[in-house]
Amino acid sequence: MMLHSASALCLLLVTVSSNLAIAIRKEKRPPQTLSRGWGDDITWVQTYEEGLFYAQKRLSPYSFVFLAVQKFLSKKPLMVIHHLEDCQYSQGLKRVFAQNEEIQEMAQNKFIMLNLMHETTDKNLSPDGQYVPRIMFVDPSLTVRADITGRYSNRLYTYEPQDLPLLIENMKKALRLIQIEL
């Protein structure tokens, strides 16, 4: 009888501890990366100032630093995504942005990428207000491209999930303008 009770107790402890381990495992979240869900294969800069540095900087190929930052050089525009974690519109855009292969490829290879959840001190990044989501492009001459806009006249730089074709076209436009103007 005592053996039966001990084995029942052991079985109960194993079940409880295994359920507890499963619950803890579900609670554990992966570490937050700079991508914040916009694309884990993209190299993201941490700050607006860092993005401007890489957009403008032309290091000598003989520089020791050149090898470390080579990906960021070669006349790449800076793409700045303003968003908020608790904004349903930001979340919707993020979801389709992260799933679109063409956008991910261009962002990974042809742009310096920054996503911000706070405003910068540069008023050029909020010419028509501080709303989210907002996507703006800055060329290597450090000019905020006011001529690359979304489809809304009251929020020039916002994009919604259904605006992805326009965003892709605007990314291509940012790349073309660099070739023509710089």
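The values are calculated or read from the model by the stated rules, or taken from the named source; none is laboratory data. Just so we're clear, the structure is a prediction, and the values are computed from it rather than from any experiment. Every residue, glycine as well, gets a Cβ built from its backbone with ideal geometry; the counts of neighbours run over all protein chains shown. Accessible surface areas use protein heavy atoms only, side chains included; no ligands, DNA or RNA. Shrake-Rupley method; radii C 1.70, N 1.55, O 1.52, S 1.80 Å.
Distant-in-sequence amide contacts of Leu84, defined by a placed amide H-H separation under 5 Å and a gap of 5 or more residues or a different chain, comprise Ser90.
How do Arg95, Arg155 rank by accessible surface area computed with a 1.4 Å probe, from largest to smallest? Walk me through the numbers before you get to the answer.
Numbers: Arg95 135, Arg155 80 Å².
The ranking, largest first, comes out as Arg95, Arg155.
For the range 67-162, the set of GluC sites (Glu not before Pro) satisfying both a DSSP loop assignment and a count of at most 12 other C-beta atoms within 10 Å is given as Glu85.
Which entries of Lys76/Lys172; Lys75/Lys172; Lys75/Lys110; Lys57/Lys110; Lys57/Lys173 show an alpha-carbon separation above 18 angstrom in the structure shown? In this structure, Lys57/Lys173 lie more than 18 Å apart at Cα.
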